[in-house]
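Laboratory data are not the source of any read-out in this text; all were calculated from the coordinates shown. Treat the numbers as computed from the prediction; the structure is a model and nothing was measured. We place every Cβ from the backbone using ideal geometry, glycine too, and count neighbours over all the protein chains shown.
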Amino acid sequence: MSKRKHSFLYGIGIGIGTVVIVSILLIRLGVLGFSIGSRSPEQDNLILTDTLDDYSANGSQFGPEIFYTGFDCFEIEQGSKTATIPLQNSEKNTCNMKAVVMISLLPEEWITIYESPLIPPGYSVVNCDISRSDFDLGTYCGKVLLTPTLDDGSSMLPMVFNVSISVTKGGVNEKKQ
Amino acid sequence: MRKNSRRWLLMLLAVVFFQGAACSADMVKSVELVYNPAYNSTYEISVPTSLTVTDSNSTSLTISITKWTDFPKEKAIIMTLSEDNTMKLTNSSLEVPFEVYVGTTQYLEGDQLASYCPGSVALSGSSRVDIAVILIKIPNKPESSVQYTGQLKLEFSTQ
């Protein structure tokens, strides 16, 4: 009787152990929709960008290409600590992209207001938590530095995009710099 | 007396008629319509990851626009040679100056290298357009045969 009970308990133990191991494996593989240990792109305010169906890149004559997405302007709502900046890493890339956004409040003086996490290929940033919110209404010069970053942490040639940053209140931008 | 009253009546009618005509002219109001279209222009630039500079004059770097959205036909993408460029390839303390050409014209730091109006083709598109072929030249061959490396910094803006 005791032997039977012992083997029964042993069986239950093996069963529970198996369920726990399988669950851990499924979680690690992302099958259950969340991950443990590393941050998912969604946690970093990143969303998957629409896929392009017309892409056919086989690299240029000098090896693989890097695709940088530029834009010309974006708005910051006065007093807001978040901004919608169209930062994205093209799905055609095989490397991550890091973005740094700077604003010039005074001529020749640049202040970094946002540094993105590493943006995986095909992702874009949803809401950017900017470091300052005390801007006067107006239009300012901005720079967006996009730096391709490899898995080993090394970075490649940063590309600079000059943009205009509009600080508005209720969509109105009264004062011009 | 009767004649007078008839004249008065005609005058009264004339006044009423012209007053009415004047009133109806005043009733026509025009509303000025103003439309300033808003554009959220984005564009995609393709740049080779690296370039091996050779001693020949044909080391070239092609910069392409591969995609653009919401571009009015007057707006251009401007590419400039960044003022941050040192225009030198280095190996620790050794330096080799390099020169940048587009065609036969030499460009210096801060110079505009190329401009392109994607919207002159279509408001949005995804066909590849080479906007500049940059030639990199080493004017003087260095004495030391070590490998020299450096960066060519480009800036993009719209106008």
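Could you please rank A:128, A:141, placing first whichever residue has the fewest other Cβ atoms within 10 Å of its Cβ?
Working: A:128 22, A:141 16.
So the residues, fewest neighbours to most, are A:141, A:128.
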Original post:
What's the long-distance tail for chain B, i.e. % of Cα pairs beyond 23 Å?
Top reply: 59 percent
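Could you give the length gained by full extension between residue B:105 and residue B:38, i.e. 0.36 nm per residue of separation minus their alpha carbon distance, to one decimal place?
Details: separation 67, 0.36 × 67 = 24.12 nm, distance 3.70 nm.
Gain in length upon complete extension: 20.4 nm.
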Original post:
In degrees, nearest 10, range 0 to 90: what is the angle between the Cα axis of helix B:2-26 and the longest Cα principal axis of chain B?
Top reply: 20 degrees
Subject >> Estimated inter-spin distance, residue B:130 and residue B:95, nm [label 7 Å along Cα→Cβ] >> reply: 3.2 nm
**OP:** Provide B:7, B:128 in ascending order of the number of other Cβ atoms located within 10 Å of each residue's Cβ, fewest first.
**Re:** B:7, B:128
Original post:
What is the distance, in nm, between label points placed 7 Å from the Cα along the Cα-to-Cβ direction at residue B:7 and at residue A:164?
Top reply: 7.0 nm
**OP:** Starting from region B:63-107, pick out the chymotrypsin sites (Phe, Trp or Tyr not before Pro) whose DSSP state is loop and whose Cβ has at most 16 other Cβ atoms within 10 Å.
**Re:** none
**OP:** Calculate the spin-label point distance for residue A:111 paired with residue A:16, positioning each point 7 Å from the Cα along the beta-carbon direction, and give it in nanometres.
**Re:** 5.8 nm
Subject >> For region A:67-112, alpha-carbon Rg and Dmax in angstrom >> reply: 13.2, 37
Subject >> Order of A:132, B:6 - criterion: other Cβ atoms within 10 Å of each residue's Cβ, fewest first >> reply: B:6, A:132
**OP:** Evaluate peptide A:151-164: per residue, the Cβ atoms of other protein chains within 10 Å of its Cβ; return the mean as an integer.
**Re:** 4
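In whole Å, what three semi-axes, largest first, describe the equivalent ellipsoid of region A:99-177 built from its Cα gyration tensor (square root of 5 times each eigenvalue)?
Details: eigenvalues 146, 41, 20 Å².
That gives 27, 14, 10 Å for the three semi-axes.
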Subject >> Convex hull per residue volume in Å³, alpha carbons only, for region A:41-168 >> reply: 121 Å³
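Return the FRET efficiency for the residue pair residue A:127, residue B:147: r is the Cβ-Cβ distance, R0 is 30 Å, and the value is rounded to the nearest 0.05. Let's see the in-between values first.
Working: r = 44 Å, r/R0 = 1.46.
Between residue A:127 and residue B:147 the formula returns 0.10.
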